[in-house]
Amino acid sequence: MSYAYLASTPGLKFNYSLFSVPAGWVVAMSPLWWAIGAANSAAPGTYQNANPGESWSKLDTAPVPQQLKKRIKRAVAANNNNHVNLPLFAAGLAAANASHVDSSSLHLYSTGFLLSRVAYNLCYVLIEDESKSWFRTIFYWTGVGSCFALYIKAALQYRSMPW
């Protein structure tokens, strides 16, 4: 593929999907970054970078409002969950790219994963009512579904190759 071809076809004809992996990492880290800022704003020194694990256990005794403590703990949990799901997404995206899945599908499922994780993070941190927590579950499975769709598209592409 020549530079002239790339320059003459702006937009989604070019495959931007691999940029979604670092974008996914930023989305995955955002709840933790918020939690650190919120903890240190409410009680300066609560989070200490030299010993982050102990910082979260100190949160229980810190002079932080109870609702904020719960949100901070859920943000840390959302961060952990994001990092569990990011490898599933990255591997599915790599498989789909390696098998030459069309760029529109790559963009659709990459965007779907990223948007579902943003919504998941917001739901995880902000929803406190048990009866509404199923929203988080819907966004979780939407993201997983996007990952599985990448694997399925890749498998179908490989199946049609003359090996």
Exercise for review: Would you tally the residues in the stretch 125-146 being in contact with a helix residue (DSSP H, G or I) (Cβ under 8 Å, 6 or more places away or on another chain), closer than 24 Å to V21 by Cβ and of a type in the set (F, W, Y)?
Suggested key: 2
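Let's see how each residue does on (1) without any contact (Cβ under 8 Å) to a residue 60 or more places away in the chain; (2) over 23 Å from W141 (Cα atoms):
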| position | (1), (2) |
| --- | --- |
| N15 | no, yes |
| I36 | yes, yes |
| Q67 | no, yes |
| F89 | no, no |
Point to revise | Leading residue by the ranking (nearest to Q157 (Cα to Cα)) among those in the stretch 47-105 that are among the β-branched types (V, I, T) and touching a Leu at 6+ places or on another chain (Cβ under 7 Å) | key: V76
Point to revise | Residue tally, condition surrounded by fewer than 18 Cβ atoms within 10 Å (Cβ to Cβ) and out of contact with any Gly (no Cβ under 7 Å at 6 or more places or on another chain), over the stretch 143-160 | key: 10
Review point. With (1) modelled with pLDDT of 90 or more; (2) more than 22 Å from the chain's Cα centre (by Cα); (3) within 29 Å of Y151 (Cβ to Cβ) as the list, and Q67 as the residue in question, which single condition is left unmet?
Key: (3)
**Study point:** All positions within the stretch 35-44 that are surrounded by fewer than 18 Cβ atoms within 10 Å (Cβ to Cβ) and either part of a helix (DSSP H, G or I) or under 18 Å from the mean Cα position of the chain (by Cα) (or both)
**Key:** G37, N40, S41, A42
Review point. If you check P22, P63, P31, which single one turns out to be of a type outside the set (S, T, N, Q) and free of Cβ contacts under 8 Å to residues at least 12 places away in the same chain?
Key: P22
Check your understanding: Out of all the residues in the stretch 147-156, is one or more in contact with a helix residue (DSSP H, G or I) (Cβ under 8 Å, 6 or more places away or on another chain), closer than 16 Å to N82 by Cβ and modelled with pLDDT of 95 or more?
Key -> yes
Exercise for review: Among what's in the stretch 112-141 and is among the β-branched types (V, I, T) and either surrounded by fewer than 17 Cβ atoms within 10 Å (Cβ to Cβ) or modelled with pLDDT under 95 (or both), pick the residue that is farthest from P87 (Cα to Cα).
Suggested key: I127
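The values are calculated or read from the model by the stated rules, or taken from the named source; none is laboratory data. Owing to the predicted nature of the structure, the values given are computational and were not obtained by experimental measurement. Positions of Cβ are backbone-derived with ideal geometry, glycine not excepted, and every protein chain shown enters the neighbour counts.
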